[in-house]
Amino acid sequence: MKDLFASIYENLIYNQQYDLVFQHLYDSGGYVKLGLIFLIVPLLCWLAFYFLWRFPYGKWWHWLIWLFVAFFIVSGLTYGIANTEIFASNNTALNNAISDSSTGYDNFVSTLPFTYLLINGLLSILVGFVYSLIMKQFSKIQIHLPF
Amino acid sequence: MARKLYIFGIGGTGSRVLKALTMLFASGVKLGNDFDTVIPIIIDPDTSNGDLNRTKDILRLYQEIRNQIEQPDDFYSQEIKTINELSNNTQVVNPDYFQFKLKGTDSNTFNQYIGFDSLYEEVKEKDDKSFVRLLYSEKNLKSNLDVGFKGNPNMGSIVLNQFTNSDDFIKFGQTFNDGDAIFIINSIFGGTGAAGFPLLLKNLRGNDKLPKHAKIKDAPIAGITYLPYFSLTKQDEINAESFEEKAKIALDYYNRTIITQNQINTLYFIGNRGNTNHEEYAVGGQEQKNKAHFLELAGAMAILDFCKNINSLTNTTQIKEFGIENDTQNISFSDLNIENAKLLSGPLTKFKVYTEYLNKGLNKSLGVSRWTKSNIKLISNNKQSLLDKNYFNSAEYKTQVKAFNNYFDEWIKEMKENKPVFCPFEDITADNILEIVKGNIPKGNKNFQPIDVQNCLFTENVSIRSYEKKHTMLIKMFGKSTEKVLSQKNLIIR
């Protein structure tokens, strides 16, 4: 699972120059946490949407709102976790690199939580759409959403 | 063993009780004791009578709707057929066959009908004429028969005596089988019903020319006789002040010839003394369209009572009367005895919620809720609804379901406007439909949403789906969803 999630994130934003932070996220299980967020949060959101929400007048924009709700929850959690993993880690080497402004780490890692936020947010939309197509097959009330 | 119940509705009251019974059947009431088919037979010379034609139209719609439901198990579950359908084994709906034809009443006056005009004024026949004049007034003799007997049973007894020779009556005899039963509805204070009841009973028990007479003469027969229960807005040819006197005389006659002779198994009496409701005066024809009355609903319950107790009948005539628990002029379910309240509360409330939904709730869900959508993408056909916009715009929906529902709502409304008032329901809007039962306000959501939720849950239910019979899904779905919601909210008396 570690490798799977690492390959997703590192394919998108890996930078050899700042390997320390990516290695840290790999070793500390940060990738797994981030990956589970974009998988599990939309799963729970869409389960609630398709199986718990007993509102028979649902329209496509209700579905869209739900998509954004999942996006924002995933984004918020991702930002928080990425921040903690990077800036509150016990990894001395990483901490030293970040505190040494000549390494450029501080500038690079400061953008990482937001980058992961965007990646996870977009992934949550993609995954949520797939969940929707699967779950609507079994839903009794929201079977007609998104279309 | 499948049994049939033949119901003879005589005169305007007969038609109105049959209407009430049809409304109960539509709401899901069943006869029980294996009575799977009901054959209503209306006997009324007044072919243009408003009550008669309204009832025939209601029966037609009932049949048309029921024919489009696959194995109805709640609403419309009781089968209704005409004699013609039974004898010809056809499913063609023709409401004219609900009415027995009386020959010679269409354009004749009474004096033409009995041949009075053809008698000469010579000595010998003059005596005959004088004798007829003794029995019938000039007004009687000049009366047109196509508007009935205008409250004159002495005329009715002559004209109605011929209907037992009709083809319809012979077909009735031919279709009669072991286990079948007969119920007769009449009023005692008018013309057609008061005269027709003893005549019909006499023929059923004693006319050996009737096919299957041996079976018919020993068959269970019951009747309901209406004592005066309404008055008229003016006194003219029909004088409402004479209703009570006529009722007393006819009762005495019934007592001597029917009750003490044990000619009938059960005779139900119903009336409303000191009634204050006044119907628009009409001697007959299209103008005679009385408002529905609670006592007609009670009469329909007498038919259910008869079928329920059919296995415990004795050879001695049993007399039954109808009563309510509370002496009130404003009757609701809680004023009825518990057995009647249980019988009516569930079916009527469910059907009322269903008609109200289609009137006031459908706009919100049509094309939005999944139970009204048939074009959902990436979903198999067996999960698509059959009740889409096309269905609700179809001629069958508008001219059958909608038309019948309008009659039902009109029937409920008329009982509310009559005296005593029967009004178990509150006026509701789309926001408070579940406050519909008088004196019972449920907790939680009171709008149509719980009904729509249940409809969505039932959409994929195989037992309510049929591609061939168009109304199956609508009728069966609402039977189930209203049952579920009203039970959850404790709105049905159990």
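Computed from the coordinates by the stated procedures, all read-outs in this text should not be read as laboratory data. All of these numbers come straight from a predicted model, not from anything done at the bench. Heads up, the Cβs are rebuilt from the backbone with ideal geometry, glycines too, and the neighbour counts pull from every protein chain shown.
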Requested in this report: For an R0 of 56 angstrom, estimate the FRET efficiency from the Cβ-Cβ distance between residue A:4 and residue B:177 and round to the nearest 0.05.
Outcome: 0.15
Report task. Could you state, as a whole-number percent, how many of the C-alpha pairs of region A:2-135 are farther apart than 19 Å? Result -> 52
Report summary line: In chain A, whole DSSP H helices that both stretch 24 Å or further along their axis by alpha carbon positions and average at least 0.0 on the Kyte-Doolittle scale are A:30-47, A:60-87, A:105-135
**Report entry** Rounded Å value of the spacing that divides the Cα centres of region B:432-475 and region A:53-68
**Finding:** 21
Requested in this report: May I ask you to sort A:140, B:19 by Cβ crowding, counting other Cβ atoms within 10 Å and putting the fewest first?
Outcome: A:140, B:19
**Report entry** Scaled radius of gyration (Cα, divided by 2.2 N^0.38 Å) that region B:339-488 gives
**Finding:** 1.08
Query raised in the report: Under a plain spin-label model, where a point goes 7 Å from the Cα along Cα-to-Cβ, how far apart in nm are residue B:91 and residue B:73?
Result: 2.0
Query - Cβ-based exposure ranking for A:24, A:62, in which fewest neighbours within 10 Å come first - result: A:62, A:24
Query raised in the report: Reported to two decimal places, what Rg/Rh ratio describes region B:342-402 when computed on Cα atoms with Rh from the Kirkwood expression?
Result: 1.07
Report task. Among the GluC sites (Glu not before Pro) in region B:35-143, which ones are in a DSSP loop with at most 16 other Cβ atoms within 10 Å of the Cβ? Mind listing them? Result -> B:121, B:122
**Report entry** Shape box of chain B [Cα atoms, principal axes, largest first, Å]
**Finding:** 93, 48, 42
Report summary line: Partner shielding of A:56-69, taken as the mean number of other chain Cβ atoms within 10 Å, equals 2
Requested in this report: Evaluate E = 1/(1 + (r/R0)^6) for residue B:273 and residue B:34, where r is the Cβ-Cβ distance and R0 equals 45 Å; express this FRET efficiency to the nearest 0.05.
Outcome: 0.75
Query raised in the report: Quick one: what does P(r) look like for the protein assembly as shown with 10 Å bins over all Cα pairs, in whole %?
Result: 3, 14, 19, 18, 13, 9, 7, 6, 5, 4, 2, 1, 0, 0, 0
Requested in this report: Could you tell me the distance between the Cα centroids of region B:29-81 and region B:306-365, to the nearest Å?
Outcome: 18
Requested in this report: Report, by chain and number, residues whose modeled amide H sits under 5 Å from the one on residue B:42, excluding near sequence neighbours (fewer than 5 apart, same chain).
Outcome: B:9, B:99, B:100
Query raised in the report: Out of region B:429-494, which chymotrypsin sites (Phe, Trp or Tyr not before Pro) are coil in DSSP terms and have no more than 13 other C-beta atoms within 10 Å?
Result: B:467
Requested in this report: Tell me the chymotrypsin sites (Phe, Trp or Tyr not before Pro) within region A:65-144 that lie in a loop according to DSSP and have at most 11 other beta-carbon atoms within 10 Å.
Outcome: A:138
